[in-house]
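Written out below as structure tokens is the structure these notes cover.
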């Protein structure tokens, strides 16, 4: 019996990411059922996902907040012993099924940031500290909002791109959702809101607040196991643009592995979400390398214009 469900959410802009995430699982022999929270998918797009075995679509067409707020809503629909969240802009290299669930049922299998990278989660905010641990001002705000434990259970933040729990942690998912509705703005503000001093990473910030101060939260695992073996990896594309729109110097290291998934799906005869983008074709490797700097420059200009005219 399959005892773990992989869950992700996305809108039409993420259809290629979700398609390739599922394709990477099936290409690698991972047979977990998949739940996809789909926000306003155009007609026909769901078919490109459900053509893979054991994929279920959970419509989220009537939500009133950022899609990130509804991750635990979809996760709670899983019926397996374990529930694994995976961001739709990531993919698997190799069969990672045994590496997904926590080793203990009272744990959450998630990656905690190393001290030297913890500051990245709070960059742009001045707290007068070195950033190697969660700033005291942030912890104080989280403690007041969660209204649970008086001492933090962890002093470093965790990365929410992939994590797995046992279903006995369903109350934790409920608390996470409750907290997002409580402390995050109403309306769709996207995936990051730099006007929020303590919750600028939205769902991830709130997740960390609950892991830190909610007494019923699972204990953070001692080790993250999805980055230990080159043959069994979860790879995540943080930032923009996503590789189905263009490659960056950071993401290009995964070009061969990611386009191999797209090539596999084509050769297997799967219906694609649309014409295969030039940047997902293995034969366009040299072209994509030449376009790295122009793609990044274009993204910087778009960000600057967005900040100027918002």
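The values are calculated or read from the model by the stated rules, or taken from the named source; none is laboratory data. What you see is a predicted model, and the numbers here were worked out from it, not measured in a lab. FYI the Cβ positions are ideal-geometry reconstructions off the backbone, even for glycines, and counts take in every protein chain you see.
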Scan region 232-252 and tell me whether some residue there is part of a helix (DSSP H, G or I) and either within 22 Å of residue 162 (Cα to Cα) or in the same structural domain as residue 110 (by TED's automatic domain parsing) (or both).
yes
How many residues are exposed (fewer than 15 other Cβ atoms within 10 Å of the Cβ), closer than 26 Å to residue 43 by Cβ and touching a helix residue (DSSP H, G or I) at 6+ places or on another chain (Cβ under 7 Å) when one looks only at region 265-285?
2
Hey, any hits in region 53-68 for a residue that's closer than 21 Å to residue 108 by Cα and either in contact (Cβ under 8 Å) with a residue 60 or more places away in the chain or assigned by TED's automatic domain parsing to the domain that holds residue 161 (or both)?
yes
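Would you check if residue 74 is surrounded by 14 or more Cβ atoms within 10 Å (Cβ to Cβ), in a strand (DSSP E or B) and not assigned by TED's automatic domain parsing to the domain that holds residue 279? Can you show your working first?
Working: surrounded by 14 or more Cβ atoms within 10 Å (Cβ to Cβ): yes; in a strand (DSSP E or B): no; not assigned by TED's automatic domain parsing to the domain that holds residue 279: yes.
So residue 74 does not fit the description; no.
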Would you pick out the residues in region 265-289 that are over 12 Å from residue 16 (Cα atoms), free of Cβ contacts under 8 Å to residues at least 60 places away in the same chain and assigned to a loop (DSSP other than H, G, I, E, B)?
268, 269, 281
The correct count of residues that are assigned to a loop (DSSP other than H, G, I, E, B), closer than 22 Å to residue 174 by Cβ and modelled with pLDDT of 95 or more in region 200-231 is 6
Sole residue being surrounded by 15 or more Cβ atoms within 10 Å (Cβ to Cβ), part of a loop (DSSP other than H, G, I, E, B) and either in contact with a helix residue (DSSP H, G or I) (Cβ under 7 Å, 6 or more places away or on another chain) or not assigned by TED's automatic domain parsing to the domain that holds residue 181 (or both), chosen from 92, 41
41
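If I filter region 186-203 down to residues being free of Cβ contacts under 8 Å to residues at least 60 places away in the same chain and surrounded by fewer than 20 Cβ atoms within 10 Å (Cβ to Cβ), which single residue comes out as nearest to the chain's Cα centre (by Cα)?
Here the residue is 192.
Residues are listed down the side, and each one gets a yes or a no for (1) without any contact (Cβ under 8 Å) to a residue 40 or more places away in the chain; (2) under 23 Å from the mean Cα position of the chain (by Cα); (3) farther than 30 Å from residue 141 by Cα; (4) surrounded by fewer than 20 Cβ atoms within 10 Å (Cβ to Cβ):
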residue: 208; (1), (2), (3), (4): no, yes, no, no
residue: 227; (1), (2), (3), (4): no, yes, yes, yes
residue: 242; (1), (2), (3), (4): no, yes, yes, yes
residue: 249; (1), (2), (3), (4): no, yes, yes, yes
residue: 259; (1), (2), (3), (4): yes, yes, yes, no
residue: 263; (1), (2), (3), (4): yes, no, yes, yes
residue: 291; (1), (2), (3), (4): no, no, yes, yes
residue: 296; (1), (2), (3), (4): no, yes, yes, yes
